Amino acid sequence: MAKPLHPPFEGWDRYSILAEIQRQGMTLSELADRAGMKPNAFGHVWTRTVRKAEAVIAEFLETDPAVLWPDRYPITSHRIYDIRKHGPSTSQKRSVSADKVAAA
């Protein structure tokens, strides 16, 4: 559609995204219909990650999804511990010399 003229200074939140969509004469239900998706998928985008709905909203606003939802991007494959980045964790069953000294 049209790129937002004045993006929010403090960043995009749920209300600014929704206001910009409505300012351009569109609703989430209409976006869902155009994308061939169910409208409730667009309602869930505020509380959970729905990549396809995020992409449709970002495309409509001519913005990158990472700008609208910076906490969800970049997409990472690891959830808790990345062994490639931090190395293997030490086993708690392994006897460490410092523990032996402290126990003595």
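The values are calculated or read from the model by the stated rules, or taken from the named source; none is laboratory data. As the structure is a computational prediction, the values presented were derived from the model and not from experiment. Cβ: placed from backbone, ideal geometry, glycine included. Neighbour counts: every protein chain shown.
If you go through the range 45-63 one residue at a time, how many are within 14 Å of Asp13 (Cα to Cα) and free of Cβ contacts under 8 Å to residues at least 60 places away in the same chain?
In the first step, residues of the range 45-63 are kept if they are within 14 Å of Asp13 (Cα to Cα); the result is 45-48, 54, 57-58, 61, 63.
Still in the running and free of Cβ contacts under 8 Å to residues at least 60 places away in the same chain: 45-48, 54, 57-58.
Matching residues across the range 45-63 total 7.
With respect to being modelled with pLDDT under 90, of a type in the set (A, V, I, L, M) and either surrounded by 14 or more Cβ atoms within 10 Å (Cβ to Cβ) or assigned to a helix (DSSP H, G or I) (or both), Ala41 fits the description.
Cβ-Cβ contacts under 6 Å between residues 6 or more apart (or on different chains), taken from a first residue in the range 19-38 that is small (Gly, Ala, Ser) to a second residue that is surrounded by 13 or more Cβ atoms within 10 Å (Cβ to Cβ), are listed as Ser29/Pro39; Ala32/Pro39; Ala32/Phe42; Ala35/Val56. Quick one: in the range 44-95, of everything that is of a type in the set (A, V, I, L, M) and part of a loop (DSSP other than H, G, I, E, B), which residue is modelled with the lowest pLDDT? Only one residue tops the list, namely Ile80.
For the range 14-35, the tally of residues that are loosely packed, with under 13 Cβ neighbours inside 10 Å and within 23 Å of Ile75 (Cβ to Cβ) stands at 1.
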